[in-house]
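Notes follow the structure.
Every read-out reported here was derived from the displayed coordinates using simple, explicitly stated rules and does not represent laboratory data. A quick note: this is a predicted structure, and the numbers were derived from the prediction, not measured. For neighbour counting, all protein chains shown are included, and Cβ atoms are generated from backbone atoms with ideal geometry for every residue, glycine included.
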Amino acid sequence: MLKRSDFHGYQDSAHNVILTKRKCGLFLDMGLGKTATTLTAASDMLDDFLINKVLIIAPLRVANSVWKQEALKWEHLQHLNIRICTGTEKQRLEAIKSKSDIYVINRENIPWLVEKCPWIWDMVVVDESSSFKNSKSQRFKALKKMTKYMKSLVLLSGTPSPNGEMDLWSQLYLIDNGERLGRTITNFRQRFFTSDYMGYTYKIVPGASDKIKDLIKDVCVTMSADDYLDLPGEISLTEYVEMPDHVKEQYKELEKNFLLTIGDTDIASPSASALGNKLLQMCNGAIYDGLGNTHEIHDVKIDALKEIVEENPNENFLVAYNYKSDLQRILKAFPKAVVMGEGTKEQDDWNAGKIKMLVTHPASAGHGLNLQFGGNVLVWFGLNWSLELYQQFNKRLNRQGQKNLVRIIHIVVKGGLDEKVMLALGNKAKTQQDLIDYLKFRLLSQIDTINKSDLTIR
């Protein structure tokens, strides 16, 4: 269990900015603890009766699987009553009517929230505030109406201006109602940009970027991982996702009965290790039947990978997959991704910075390859059973010559078998044996039930 004393100095600094500025932007790299820092500041303000209700606006997956779970990791945050306000309209309304300290909603539902519900929140946190960069969007217009009710507003992002300084206007407007960058986007453009004769494209005026930074520096804090963490080195991050409810039921059916029926196809697991592979396949989003045919069942990991890429537009990504079905689905979602070949071309192009996403299996790149010059972000789309491959593959980026902090991001299904893989890897355990032992125990404990239901494992 993490304690308040586990905070780093930079987290205390960011925490103090929220308390003193009340309305501010925290633009921190992934891995610097934006979530825990913000929750701590909110907790302190709630305890001191400076605010009454907190609304957190986040991407749907983050709303469902990050904020409440993060609070449970920290001893000083476990007292917070956090309500997830996603799902159907009925589910959202029930959550909002409940008595809580903090309410978490996905950003797509902000127009609905403003239109349908009484506004009760005097502190608002916008996670990934760059999603409000479009001043014409309905979500921005809706939230803009509510700023007068906010005693505190915190914008969080690792990339507040992915397309340039133009992206900053609407975000800063939420903080100060146009005090720093102008009351209208038109005025902002006229002050700091030039346009072509049709007004379709804009180019920032020389020196304007520094002027903009100077105008917003009193309410915005930018922190880079390079400045606060020892380099080179690595930080391990986990992006939790949840399978749809109907897939959860299929997963439980396979785990309990060692047999899953999809359509007219029966998918059986004749051994503990086979069952483990099937469950991991389901976690990743597709499962093989006995004839080797692929059955796609969900895209939550694909969606998570898309969000990671979107939130880090200036990074190159080394992506590890586990099954061929993973590779096929990743390439379908990212047509420009490159697959590691047997020669040196892909390695050379990656190290030259020519490849945005390099997809490879750890078994084909776990040893001997030097990939540290092409990027510093590694994403585990599907975890492997082998601890050796896991450790060796991570070293492809975290090795001599790497100039930046290596971020190792694991996309993990909450409550799925790959969460147990992640735990075993974190404990430096013998991963495969631990998991097989776990599954053997389940196999033995369920065998009587299977026999009674006349289920034959083939």
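Computed values, structure above
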item	result
Per-residue HN-Hα couplings for segment 331-348 [Karplus 6.51, -1.76, 1.60; θ = phi - 60°; Hz; x = Gly/Pro]	5, 5, 6, 10, x, 8, 5, 10, 9, 4, x, 7, x, 9, 4, 5, 4, 5
Karplus (6.51, -1.76, 1.60) ³J(HN,Hα), θ = phi - 60°, over segment 254-263, in Hz, Gly and Pro reported as x	5, 5, 7, 9, 6, 8, 10, 9, 10, x
Spin-label model distance (nm) - Lys99 vs Asp12, 7 Å beyond Cα toward Cβ	3.6 nm
Equivalent ellipsoid, segment 4-224 (semi-axes from 5 times Cα gyration tensor eigenvalues, Å)	30, 21, 14
Overall form of segment 130-231 per C-alpha gyration tensor (a/c, 1.5; a/b vs b/c)	oblate
Under-5 Å amide H pairs with Val413, H placed in peptide plane, nonlocal only	Val241, Asp418, Glu419
Calculated FRET value between Arg191 and Gln328, using beta carbons and R₀ = 41 Å, to 0.05	0.25
Label zone at Ile120 (point 7 Å along Cα-to-Cβ), backbone N below 14 Å, segment 37-68	52-56
Sequence-distant residues sharing a close amide H with Met223 (under 5 Å, placed H)	Phe27, Leu28, Asp29
Under-5 Å amide H pairs with Trp121, H placed in peptide plane, nonlocal only	none
Sequence-distant lysines (8 or more away, or on other chains) whose Cα lies within less than 17 Å of Lys151	Lys21, Lys23, Lys53
3J(HN,Hα) from dihedral phi, segment 188-196, Karplus parametrisation 6.51/-1.76/1.60, rounded to Hz, x for glycine, proline	4, 5, 5, 6, 10, 9, 10, 10, 6
Cα Rg, Dmax, segment 221-374, angstrom units	18.3, 56
Options (i) 64.9; (ii) 25.3; (iii) 23.6 - which one matches mean projected area of the Cα convex hull in nm² as calculated here	(ii)
